[in-house]
Amino acid sequence: MMTPYGKQEITSDDIESVVKVLKSDFLTQGPAVPQFEKALCDYAGSSYAVAVNSCTSALHIACLALGLGPGDILWTSPITFVASANCALYCGATVDFVDVEPDTALMSVEKLKEKLEQADKKGNLPKIVIPVHFAGQSCDMKEIHELSKRYGFKVIEDAAHAIGAKYQNEAVGNCKYSDITVFSFHPVKIITTGEGGAVMTNNRQLSEKLELLRSHGITRDISKMIGKPDGPWYYEQIQLGFNYRMTDIQAALGCSQLERLDQYVLRRSEIAKWYDIQFKNMPITVLKEKKDRTSSHHLYVIRVSNIRKQLYQFLIDNGIGVNVHYIPVSKHSFYKKNYDNKVFHNSESYYNETITLPLNYLINNSELEFIVSKVGDFLNN
């Protein structure tokens, strides 16, 4: 039986919460979604949350709400899932990448500064920058925020990995240094709604735009209507939107899971620290955690030189469900035709050496010891 790199915990409380909704009058568009949104705001410290059916949808409507469109440019990290870049293309914009730091795999502020200086001279500055909080650790948001004010771009924090993380002792998702933050609730993430995501912001106008985009561009608010209502039943589509709604079934699961988020992050941190100790005397490099932040440890990544493919296969053969996060987006065939002449050296080096080891709340100590022993066996042969 394979030990998975990620796995959700579903408790009897989770099941009871979902069953309660299944027995209620509202499977969707009921009270559970607003309850989940409020709980997210209370946890993260933001003013508004808009729950959606995936983090990909969250990224899409976040870009649209900030006015991204044809002729605009979005920058993100190459070390991310493709959705962080695809969201620009959905809006008719173009995308480019900022290389990562070699020791954290987070967007490099120095590389961002250099790229902004060059773009400013050429007159092709980005409209939006999406820093990716890779593996659960926040990027250098204060510095990125300062650059956004200097160069006039908007900031979306891709915190798909990072709910429960902290930056400068404050919760990721409070949008102190960004316009918007997005979360993911996919089953391999720290908490789950099955599939799902959320957009966090402190800007009321943005939240209203996001709500419209989430639900077909339709409103029942008379003050926002262009035409005159025919009667109390009236609703009006005032812009193009999408069906990106989260169901009450998903939201109920999310509310229940959110109550255990700190518990999940604590256990993940314990496992990550234990891994660090075990690998200290092996020829392995682990991601650096910066002093002014606390990772939520969505992933535990190791780097090995020249033997990644062999070690990966050895661990799979021994029932250990390793993975690779990520193939640089610029290397995918869809993007490669546009980025053949661009090399992101740190991202390429990282990708060539990285393996993601199992890290989830349900993994037990004997499984962890087996994983470390097998890594050691391979390296000692």
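Rounded to the nearest Hz, the phi-derived 3J(HN,Hα) couplings of segment 214-229 under the Karplus curve 6.51 cos²θ - 1.76 cosθ + 1.60 (θ = phi - 60°) are 5, 10, 6, x, 9, 10, 10, 7, 4, 5, 9, 6, 8, x, 8, x, where x marks glycine and proline. Once divided by 2.2 N^0.38 Å, the Cα radius of gyration of the chain becomes 1.02. Beyond 26 Å in Cα-Cα separation lie the following of the pairs 273/342; 122/154; 280/309; 115/288; 209/331: 273/342; 209/331. Taking a straight line from the alpha carbon of residue 113, these aspartates and glutamates sit under 12 Å away, with near neighbours fewer than eight places off in the same chain left out: 99, 143, 146. Applying the criteria of a DSSP loop state and at most 14 other Cβ atoms within 10 Å to the trypsin sites (Lys or Arg not before Pro) of segment 14-44 yields 23. Peptide packing for 325-338, 294-307, 119-132 was compared via the average number of neighbouring C-beta atoms within 10 Å per residue; ordered from the highest value, the list is 294-307, 119-132, 325-338. With all projection directions averaged, the alpha carbon convex hull of segment 114-195 covers 5.8 nm². Packing, as the average of other Cβ atoms within 10 Å across residues, places the peptides 253-260, 29-36, 369-376, 61-68 in the order 61-68, 253-260, 29-36, 369-376, highest first. In plain terms, if you count all Cα to Cα distances in segment 261-380 and split them into 5 Å steps from zero, the share in each step is 2, 10, 19, 21, 19, 13, 9, 5, 2, 0 percent. Summary value for segment 261-380: 36 percent relative contact order, contacts being C-alpha pairs under 8 angstrom separated by 6+ residues. Counting 0.36 nm for each residue step from residue 259 to residue 370 and taking away their Cα separation leaves a gain of 36.9 nm.
Ordering 322, 254, 286 by Cα displacement along the dipole of segment 233-381 toward the positive end leaves 286 in first place; charges were set at the Cβ atoms of Lys, Arg (+1) and Asp, Glu (-1).
Residues in segment 27-44 carry Karplus couplings, in order, of 8, 8, 6, x, x, 5, 5, x, 5, 5, 4, 5, 4, 5, 4, 4, 6, 7 Hz; the curve used is 6.51 cos²θ - 1.76 cosθ + 1.60 with θ = phi - 60°, and Gly or Pro positions show x. Ranked by the mean number of other Cβ atoms within 10 Å of their residues, highest first, the peptides 211-218, 8-15 fall in the order 211-218, 8-15.
A Stokes-Einstein calculation at 20 °C with viscosity 1.002 mPa s, built on the Kirkwood radius of segment 197-289 over Cα pairs, returns a diffusion coefficient of 121 µm²/s.
For the chain, the antiparallel share of DSSP beta bridges with both residues in that region comes to about 65%.
Where a number appears in this text, it was derived from the coordinates with a stated rule and is not lab data. Predicted, not measured: the structure shown is a model, and the values here were computed from it. So basically every Cβ, Gly included, is an ideal-geometry build from the backbone, and we count neighbours across all protein chains shown.
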